[in-house]
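Laboratory data are not the source of any read-out in this text; all were calculated from the coordinates shown. Please read these numbers as outputs of a predicted model, since none were measured by experiment. Because the Cβ atoms are built from the backbone with ideal geometry, glycine has one as well, and the counts that use them run over all protein chains shown.
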Amino acid sequence: MTEKTDIRDSDEKVVEIEMERLRTFTNHPFKVIGDSQMIELQDSIKKYGVLNPLIVRPRKEGYYEIISGHRRKYAAERLGYKKIPVIIRMMQDDEAVVTMVDSNLQREQITPSEKAYAYKMKYDAIKKKAGRKNRYVLYCVKRYVQIQVFETEKSEFDGMKARNNYGDIYF
């Protein structure tokens, strides 16, 4: 059996914050909807509580911006929670974008447009961070994003038949 290790910084702690002090991430590309997976998440939270704390960052306006955990917050809100466990992490804008995108891409129900927009946000954040000095890294990241978007779109259309204007069937 492998031992779990905590990857948080030594100064990070799990604290409970009032729901009204939390705001969604600016331009968050992923929709939070009340589908069957949300019902399962609500059932889990009802039974066990919020097992994984949200990751938030403080904003100068006095609230906290959610980096990871929008669905958990939504589910907990629907269950009547007034407070929710969070990890407060100091992050710059670009770092927050990369973390937000990475923490959401493993979800099963993401539309191709959500995924494409998220990859574009991540690419733009990495591009700003790398600057003009490292064009090869930017080229690699851009190609990776293009491949990810292409594979997503391809998987959506695999096995589907379509007709052109002349009635021809193609795959």
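First measure r as the distance between the Cβ atoms of GLU40 and GLN146, then evaluate 1/(1 + (r/R0)^6) with R0 = 45 Å and state the FRET efficiency to the nearest 0.05.
Once rounded, the FRET efficiency stands at 0.85.
With a sphere of radius 9 Å drawn around the Cβ of LEU41, what net charge do the other residues whose Cβ falls strictly inside it have (Lys, Arg +1; Asp, Glu -1)?
0
In whole Hz and in residue order, list the ³J(HN,Hα) couplings for segment 91-98 that follow from phi through the Karplus curve 6.51 cos²θ - 1.76 cosθ + 1.60, θ = phi - 60°; x for Gly and Pro.
Result, rounded to whole Hz: 9, 6, 4, 5, 5, 5, 4, 4.
Which entries of LYS60/LYS82; LYS60/LYS115; LYS47/LYS120; LYS82/LYS128; LYS82/LYS120 have Cα-Cα distances beyond 26 Å here?
LYS60/LYS115; LYS47/LYS120; LYS82/LYS128; LYS82/LYS120
Only sites in a loop by DSSP and with at most 11 other Cβ atoms within 10 Å count here; which trypsin sites (Lys or Arg not before Pro) in segment 61-126 make the cut?
Passing sites in segment 61-126 are LYS82.
Taking H placed 1.01 Å from N in the peptide plane, check which residues at least 5 places from ILE17 or on another chain put their amide H under 5 Å from its amide H.
Hits under the 5 Å cutoff: ILE84, VAL86.
Is segment 1-124 best put as rounded, prolate or oblate by its Cα gyration tensor, with a ≥ b ≥ c the root eigenvalues, rounded for a/c under 1.5, and otherwise prolate when a/b is larger than b/c, oblate when not?
Verdict is rounded for segment 1-124.
Which value in nm describes the separation of the simple spin-label points at TYR63 and GLN109, placed 7 Å from the Cα toward the beta carbon?
2.5
Between rounded, prolate and oblate, where does segment 70-115 land on the alpha carbon gyration tensor, with a ≥ b ≥ c its root eigenvalues, rounded for a/c under 1.5, else prolate if a/b exceeds b/c?
oblate
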